[in-house]
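Values quoted throughout were computed directly from the atomic coordinates according to the rules given, and no laboratory measurement underlies them. Owing to the predicted nature of the structure, the values given are computational and were not obtained by experimental measurement. Positions of Cβ are backbone-derived with ideal geometry, glycine not excepted, and every protein chain shown enters the neighbour counts.
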Amino acid sequence: MKKIGLIGAMDSEITAFRRDFHAVETPHKGILCGSFSDYEIYICCSGVGKVNAAIAAQRLIDLCGVQYMINSGVAGGLAKEIAKLDIVISKQLTYHDFSPLELLDKYPPCSHMMQADAELCEKALHACDALNEKLKKDGKLPFTSHLGTIVSGDCFVSSAEKAQQLRDDFDALCTEMEGASIAHVCTVAKIPFVIIRAISDFADEDAENSFESFETVAADRAAFIVKELLS
């Protein structure tokens with residue numbers, strides 16, 4: 001059986017996984033195990049922020065022997081073409097609060113831009129198509145899926161000025177607080193990974209209110225895509 005690691009920062013981001021994969025506690029605190037098709041699914045609610053996410057990723061690799069890593073959850077949209085509840089798939093990730101980023105290129109084992117697994121990205125995009133078909137059948141509005149750069153940092157971005165800076169500096173589609181650190185761990189460990197983010201807000205002054213309104217729906221959409229990807 002192939003072993004898949006699933007990381008969500010908040011409990012709302014792993015609720016659907018716990019339910020649909022019939023996950024139960026493992027001997028490792030904070031790690032649940034379920035199954036789906038021919039996969040063993042190891043699920044971890046990491047907590048918010050880069051260090052917590054990196055710890056979760058390394059624990060899943062060391063304690064559970066996962067062979068693939070998926071991080072699913074919500075994010076703040078940055079690009080002008082992004083709409084709320086759109087899905088962003090990570091082509092690549094970097095930190096927006098590491099300065100200067102060139103230090104990561106100068107001192108291996110990692111570069112400043114970490115590349116997601118191309119095959120997993122393609123499967124995730126196909127899964128987005130499947131979700132859109134389901135939404136249309138249910139009489140709901142479809143969304144747009146995007147493949148591109150995600151930036152991560154230890155701050156909840158909630159100003160239009162900061163969002164503009166991240167667009168200008170990184171040409172990023174969205175921002176969140178965990179993905180790049182998970183990508184960093186997986187890159188060093190040579191574990192294929194993909195980050196899947198549903199847009200809950202626009203990383204501006206209304207971000208906090210929007211996040212609370214859209215968090216559950218956005219997280220459920222991201223979870224559906226993960227399940228479809230695995231199928």
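Remarks
- The chain: antiparallel DSSP beta bridges as a percent of all, rounded to 5: 35 percent
- Whole-Hz couplings from phi, Karplus 6.51/-1.76/1.60, listed for segment 69-78; x for Gly and Pro: 10, 10, 10, 10, x, 10, 7, x, x, 10
- Estimated FRET transfer efficiency when R0 is 22 angstrom, pair Lys137-Asp20 (beta carbons, to 0.05): 0.70
- Assigned charges on the beta-carbon of Lys, Arg, Asp, Glu; the chain dipole about Cα centre (debye): 740 debye
- Contact order normalised by residue count of the chain, Cα under 8 Å, 6+ apart, percent: 28 percent
- Segment 75-201: relative contact order in percent, alpha carbon pairs under 8 Å with at least 6 residues between: 46 percent
- Taken as entire DSSP H runs, the helices of the chain that both span 18 Å or more between Cα atoms along their own long axis and average -0.5 or more on the Kyte-Doolittle scale are 50-64, 118-137, 207-230.
- Residues Cys155, Cys174, Cys110 arranged by fewest to most Cβ contacts within 10 Å: Cys155, Cys110, Cys174
- Hydrodynamic radius of segment 122-162 per Kirkwood, over alpha carbon pairs, in Å: 12.9 Å
- Ordered by the number of other Cβ atoms lying within 10 Å of each residue's own Cβ, fewest first, Met113, Met69, Met1 fall into the sequence Met1, Met113, Met69.
- In the chain, the inverse of the mean reciprocal separation of distinct Cα atoms equals 17.3 Å; this is its Kirkwood hydrodynamic radius.
- Taking Lys91, Lys190, Lys29 as the candidate residues, the one with maximal mean-square fluctuation in a Gaussian network model of the chain, Cα springs under 10 Å, is Lys29.
- P(r) of segment 99-223 over all Cα-Cα pairs, binned every 5 Å from zero, in whole percent: 2, 9, 16, 21, 20, 16, 10, 4, 1, 1, 0
- Summarising the amide proton neighbourhood of Leu147: residues at separation of 5 or more, or on other chains, whose placed amide H is nearer than 5 Å comprise Ile89.
- Extended-chain gain in nm, criterion 0.36 nm per residue less alpha-carbon gap, Asp154 and Lys190: 10.5 nm
- Percent antiparallel among DSSP beta bridges (both partners in segment 6-98, rounded to 5): 60 percent
- Taking 0.36 nm per residue of separation and subtracting the Cα-Cα distance, full extension of the segment from His28 to Gln115 would add 28.4 nm.
- Using just its DSSP H runs of length 4 or more, each adding -39500 (n - 2.57), the chain gives a mean residue ellipticity at 222 nm of -12500 deg cm²/dmol after division by all residues.
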